[in-house]
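In what follows, a structure is listed as structure tokens, so that the remarks can point back to it.
The values are calculated or read from the model by the stated rules, or taken from the named source; none is laboratory data. Since this is a predicted model, take the numbers as computed values, not measurements. Note that each Cβ is placed from the backbone with ideal geometry, even for glycine, and that neighbours are counted across all protein chains shown.
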Amino acid sequence: SSPAIGSDGTIYVGSSNSSNNLYAINPADHSIKWYCYTDKEIQSPPAIGSDGTIYVTTAGGELFAVEGNSGGLADTPWPKFHNNAKNTGYRIFDAVQASSIQASGVTVGVTNCCAKEMTNAELNTKYSTNGFNIKSMIRSFNATISVNGGCGTFKFNSTAVPTSRVADLRLIKFYDTNGTSKGYRTYASSGPEYAIDGSWWLTNSSGTHLAASDVTTLGTEYYVYFVVQDNGDYDENRALGAITDPVGLGSTTGDSGCVLNPNAGFGIEWLFMGLVAVVLMFRMRFVSD
């Protein structure tokens, strides 16, 4: 089973073979501190109560409560399966991860990640998304990068990508500090672009790169890749070597068929339409004179 970490660092894990033991493991040298025989295979990841009691269930349907002295879960980003005692954390399927390939000389590590469901109305109220239709969870994460000012590449997988042309999909950055949003600026149609801030792309589960003209299918697993430059436009953490970047996938195609360009921060189109209106006003005045 998946392990759980106590506040003193002790690692608790149940065996999934014929030994049927709950083990307490010393984090320093991974030696066994103690073990408890449960008679049946342990199927659940251990849970640790605030008083240090360790709880596991077995294949025989028994619930075991074993006295421990760790004093509860460790205060770390992910101390147990599903993250906490209430099991509100999402599985790795929903988490942002560092891409296995990075720009030359760059090493990236994701320190924590959480995913949250938000409606379009909630997004617009909080981030002024103006017509963006969310098709995924909002994934917030923190990461470290080995090169100050370097570009880090991240990914998450999802089966919630809608049936759509890739060109009609948008990856949006959400800024918690000022309540705004911005589209990732470039879809990498021909292949990965690990050193370009704001680039993003999709692959299928086999790693095949999708062109902008390709069509996705709802229910199929896809990987969303995106590039964030340390202290760049899409990094909300101003400390060098640290990246914070809530993201969400969706589209900006409304019922009218009109698509605004989120890569321009939802502003260029409105400026253009305003200029057109001014030109028309002057033209009408000139004709009437």
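Out of all the residues in the range 188-201, is one or more of a type in the set (S, T, Y), assigned to a loop (DSSP other than H, G, I, E, B), under 20 Å from the mean Cα position of the chain (by Cα) and at pLDDT below 95?
Within the range 188-201, the subset of a type in the set (S, T, Y) is 189-190, 194, 199.
From what is left, the residues that are assigned to a loop (DSSP other than H, G, I, E, B) are 189-190, 194.
Of the ones still in play, those that are also under 20 Å from the mean Cα position of the chain (by Cα) are 194.
This time we only want the ones that are at pLDDT below 95, so: none.
Looking through the range 188-201, none of the residues is of a type in the set (S, T, Y), assigned to a loop (DSSP other than H, G, I, E, B), under 20 Å from the mean Cα position of the chain (by Cα) and at pLDDT below 95.
Output the residue which, of all residues in the range 1-39 that are outside any strand (DSSP E or B) and buried (at least 18 other Cβ atoms within 10 Å of the Cβ), is modelled with the lowest pLDDT.
So the first thing to find is which residues in the range 1-39 are outside any strand (DSSP E or B), and the list is 1-3, 7-10, 15-20, 26-31, 38-39.
Right, trim to buried (at least 18 other Cβ atoms within 10 Å of the Cβ) and you get 1, 10, 20, 38.
On the way: S1: 62, T10: 92, N20: 86, T38: 87.
Among them, the one singled out is S1.
Within the range 142-165, which residues are polar (S, T, N, Q), within 20 Å of M118 (Cβ to Cβ) and part of a strand (DSSP E or B)?
Going through the range 142-165, the residues polar (S, T, N, Q) turn out to be 142, 144, 146, 148, 153, 157-159, 163-164.
Checking which are within 20 Å of M118 (Cβ to Cβ) leaves us with 142, 157-159, 164.
Scanning the range 142-165 gives N142, N157, S158, S164.
For E117, are the conditions met, namely being in the same structural domain as L218 (by TED's automatic domain parsing), in contact (Cβ under 8 Å) with a residue 12 or more places away in the chain and of a type in the set (D, E)?
Yes; evaluated as a whole, the condition is true for this residue.
Considering only the range 180-235, state which residues are touching a residue at least 60 places away in the same chain (Cβ under 8 Å), of a type in the set (S, T, N, Q) and surrounded by 15 or more Cβ atoms within 10 Å (Cβ to Cβ).
Result: T180, S181, T186, Q229, N231.
Name the pairs: first residue in the range 17-36 and closer than 21 Å to F64 by Cβ, second residue of a type in the set (V, I, T) and modelled with pLDDT under 90, Cβ to Cβ under 6 Å, at least 6 apart or on different chains?
As it stands, the answer is N20/T38, since those pairs meet every condition given.
Just to be sure before I move on: is A211 more than 30 Å from T111 (Cα to Cα) and modelled with pLDDT under 90 in the structure I sent?
No.
Would you check which residues across the range 58-83 are among the β-branched types (V, I, T) and either over 31 Å from the mean Cα position of the chain (by Cα) or at pLDDT 90 or above (or both) and list them? Please lay out each step first, then the result.
So in the range 58-83, the residues among the β-branched types (V, I, T) come out as 58, 66, 76.
Answer for the range 58-83, where residues must be among the β-branched types (V, I, T) and either over 31 Å from the mean Cα position of the chain (by Cα) or at pLDDT 90 or above (or both): T58, V66.
Considering only residues that are small (G, A, S) and assigned to a strand (DSSP E or B), look in the range 40-68 and name the one that is surrounded by the fewest Cβ atoms within 10 Å (Cβ to Cβ).
To start, the set of residues in the range 40-68 that are small (G, A, S) comprises 44, 47, 49-50, 52, 59-61, 65, 68.
From what's left, assigned to a strand (DSSP E or B): 47, 65.
Details: A47: 20, A65: 11.
This residue is A65.
List, please: which pairs have Cβ atoms under 6 Å, are six or more places apart or on different chains, and start with a residue in the range 154-179 that is under 18 Å from L123 (Cβ atoms) and end with one that is among the aliphatic types (A, V, I, L, M) and part of a loop (DSSP other than H, G, I, E, B)?
From the range 154-179, the pairs are F156/V96; P162/L218.
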